[in-house]
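Novice: What follows is a single structure, and I will ask about it in a moment.
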Amino acid sequence: MQNTDASSVDRLNSAANRIRQQLAQVIVGQQEVIDQLLITLFCRGHCLLEGVPGLAKTLLISTLAKSLNLTFSRIQFTPDLMPADIIGTDIIEENKSTGQREVRFLAGPIFAHVILADEINRTPPKTQAALLEAMQERQASVGRVRHQIGDPFFVLATQNPIEQEGTYPLPEAQQDRFMLKVNVRYPTVEDEVEIARRTTGVASMEVEPVLSPDEILEIQHMVRLVPASDHLVRYAVALVRSTRVGEPEVDPYAVENLSWGAGPRAVQYLLMGAKARSLMHGRPNVSLDDLQALAAPVLRHRLLVNYTAESEGVTPDDVVRRLIESLPAREDELSGDPRFQKVFAS
């Protein structure tokens, strides 16, 4: 397989920096959130952003869409939103030239390159599920007809963690379709001062598109060419398997605090995200730091803490941190770990 070279690293870094420059005209700070959004973009994934109101989640996504030369749809999820409002529906239309009536598909907002699913947890599961097929298969079914959704295609969803009334938590199957779950936190003091200055004045900045659809698809292919050593692939598998309660490779800390662990998609997204991160940091191959840095955003929405852990304030991020500390990082130590010795010794 063809490997990445210095020119590939430079091209991806140039693309990422151009997007960052456009976002910086509107968004203050939040560099980690922006980098994780870019990783999702470059890996052909979907992203779930969670944070309290007023942290510019919606503004960040809409600004990112403006910096890309892509079609954009914003869907405001509400309790009365129906699946047809997202996907579209068949309508009967009269042909004025022949006088005959014809059935025509009226496409919904899902047929765009970038989808902002705003407050996705405010709509019932029936409507949430309308996104599932599109996110996984890049298509939407209406009746017996499947309508293809063109690439690139990204669903960037937001949800509020503090308001529970009138919300419908995302089913585990739908959460698993999101590559990363990004926690958007309060800005620093310096950033908040700058936000106050910008938003209470008259100055406005125009965001220009800097990447075309073909360039994005080329970058996505480039990311897949980044090599990952056998040891790092095994490390990613071992980290995910150590979350699975009831399996022989589970970590004792996970047994104490988890009801359910992560599935195979976690391994896939962990490796893909690490490949994109390595290029964004100027390296043509995956390192252990890439895997460990992305472990929390990849796993936090795929781990279900048990009642005891929840009552004691243990979060999925705490579990991931503990698992990284206990999992051997060196190749010989990982192969010699009693949980993985039979599998990785060869």
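Novice: Test of understanding: in a Gaussian network model of the chain with alpha carbons linked when under 10 Å, which of 326, 97, 204 would top the mean-square fluctuation ranking?
Specialist: The residue with the greatest mean-square fluctuation here is 97.
Novice: Next question, about the same structure. Starting from the Cα of residue 126, draw a straight line to each of the aspartates and glutamates and keep only those under 20 Å, dropping any in the same chain fewer than 8 residues away.
Specialist: 80, 85, 90, 118, 137, 165, 172, 176
Novice: Apply the a/c threshold of 1.5 to the C-alpha gyration tensor of the stretch 1-53 and tell me whether it is rounded, prolate or oblate.
Specialist: Oblate.
Novice: Relative to the longest principal Cα axis of the chain, at what angle does helix 6-24 sit, 0 to 90 degrees, rounded to 10?
Specialist: Roughly 60 degrees, rounded to the nearest 10.
Novice: In percent, what relative contact order does the chain have, based on Cα pairs under 8 Å that are 6 or more apart in sequence?
Specialist: With pairs under 8 Å counted, the relative contact order is 21 percent.
Novice: Still on this structure: Any idea what angle helix 264-280 forms with the longest principal axis of the chain, computed on alpha-carbon atoms, 0 to 90 degrees, nearest 10?
Specialist: Long axis of 264-280 versus the principal axis of the chain: about 90 degrees.
Novice: Okay, next question. Whole-Hz Karplus ³J(HN,Hα) for the stretch 142-150, in order, using 6.51 cos²θ - 1.76 cosθ + 1.60 and θ = phi - 60°, x for Gly and Pro?
Specialist: 10, x, 9, 9, 9, 10, 6, 9, x
Novice: Sticking with this one: For the stretch 97-131, list residues with backbone N below 11 Å from a point placed 7 Å from the Cα of residue 147 toward its Cβ?
Specialist: So the set is 104-112.
Novice: With θ set to phi - 60°, apply the Karplus curve 6.51 cos²θ - 1.76 cosθ + 1.60 along the stretch 232-245 and write out the HN-Hα couplings as whole Hz, x wherever there is a Gly or Pro.
Specialist: After applying 6.51 cos²θ - 1.76 cosθ + 1.60, I find 6, 5, 5, 4, 4, 5, 5, 4, 5, 5, 6, 8, 8, 5 Hz.
Novice: If you rank 154, 340 by fewest surrounding Cβ atoms within 10 Å, what's the result?
Specialist: 340, 154
Novice: Please give the FRET efficiency for residue 256 paired with residue 202, using the beta carbon to beta carbon distance and R0 = 45 Å, rounded to the nearest 0.05.
Specialist: The value I calculate is 0.20.
Novice: If you line up the long axis of helix 57-66 against the longest principal axis of the chain, both from Cα atoms, how many degrees apart are they, to the nearest 10?
Specialist: Relative to the chain, helix 57-66 is tipped by roughly 70 degrees.
Novice: Tell me which residues come under 5 Å, amide H to amide H, from residue 147 once H is placed; ignore anything under 5 positions away on its chain.
Specialist: Excluding prolines and chain starts, which carry no amide H, the hits are 140, 141, 142.
Novice: If you don't mind, another one. If the reach is capped at under 21 angstrom between alpha carbons, list the lysines near residue 57, excluding any in the same chain fewer than eight residues apart.
Specialist: Hits, sequence-local ones excluded: 66, 181.
Novice: Residue 188 to residue 310: FRET efficiency via 1/(1 + (r/R0)^6), r the Cβ-Cβ distance, R0 35 Å, to the nearest 0.05?
Specialist: After rounding to 0.05, the efficiency reads 0.75.
Novice: What shape does the stretch 196-314 have by the C-alpha gyration tensor, where a ≥ b ≥ c are the square roots of the eigenvalues, rounded means a/c under 1.5, and otherwise prolate means a/b greater than b/c and oblate the rest?
Specialist: oblate
Novice: For residue 77, what residues show an amide H to amide H distance below 5 Å, using hydrogens built from the backbone and excluding near sequence neighbours?
Specialist: Under 5 Å from the amide H of residue 77: 118.
Bear in mind these aren't lab numbers, they're just calculated from the coordinates by the rules spelled out. Quick caveat, the model's predicted, so the values are computed rather than measured. We place every Cβ from the backbone using ideal geometry, glycine too, and count neighbours over all the protein chains shown.
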